[in-house]
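The values are calculated or read from the model by the stated rules, or taken from the named source; none is laboratory data. Given the structure is predicted, the values throughout are model-derived calculations rather than measurements. All Cβ positions, even for glycine, are placed from backbone atoms using ideal geometry, and neighbour counts span all protein chains on display. Heavy atoms of the whole protein, side chains included, go into the accessibility calculation; ligands, DNA and RNA do not. Shrake-Rupley method; radii C 1.70, N 1.55, O 1.52, S 1.80 Å.
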Amino acid sequence: MITIFLVLFFIVVLSFFLSFSRFLNCLIILENFNVLLLLFCLLLGTFDSHMMFIILIVVSTVEIIVGLVVLTRVWECSSTIELISF
C-alpha cells in the first residue's frame, strides 16, 4: 500500500511541476494531492477513530477556499490590466 501511495505521490508532484505556469492547473493538481492524502489517511486508520481524516478534510477545504478566492481576485484584476494595456 505504501508503494502505491509513493507512486501516486510522485506522479502528482511531477504533474505539479509540469503545470507550474498556470495557477488553475496548480489548484487542480493540489486538489488531487489532497484526495490522495485523504484516501491514504482513511485506509491507514481503518480501525482507529477517524480524527486525522476529519482534520485533513477541514484543512483541505480551507486550502481550496483560499485558492479559489485568490483565483477570482486574479481573474478580476486581469480584466483591469487588459484595459490599461490598450
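In the chain, the longest principal axis of the Cα atoms and the axis of helix 23-44 are about 10 degrees apart.
Counting only alpha carbon atoms, the long axis of helix 51-85 and the longest principal axis of the chain meet at about 10°. Among rounded, prolate and oblate, which fits the chain when a ≥ b ≥ c are the square roots of the eigenvalues of its C-alpha gyration tensor, a/c under 1.5 means rounded, and a/b larger than b/c means prolate? In terms of gyration-tensor shape, oblate. When the accessible area of the chain is split by element with a 1.4 Å probe, what percent falls to carbon and sulfur? After summing per-atom areas, the C and S share lands at 81 percent. Under the simplified labelling scheme, the residue 15-residue 62 pair shows an inter-label distance of 2.6 nm, with each label point 7 Å from Cα along Cα→Cβ.
Computed on the stretch 1-85, with alpha-carbon pairs under 8 angstrom and 6+ residues apart, the relative contact order is 25 percent. Less than 5 angstrom separates the built amide H of residue 19 from none of the residues sequence-distant by 5 or more or on a different chain. Quick one: angle between helix 2-18 and the longest Cα principal axis of the chain, in degrees between 0 and 90, rounded to 10, please. Once rounded, one gets 10 degrees.
What the chain shows is 79 Å² of accessible area per residue, with the surface traced by a 1.4 Å probe over protein heavy atoms.
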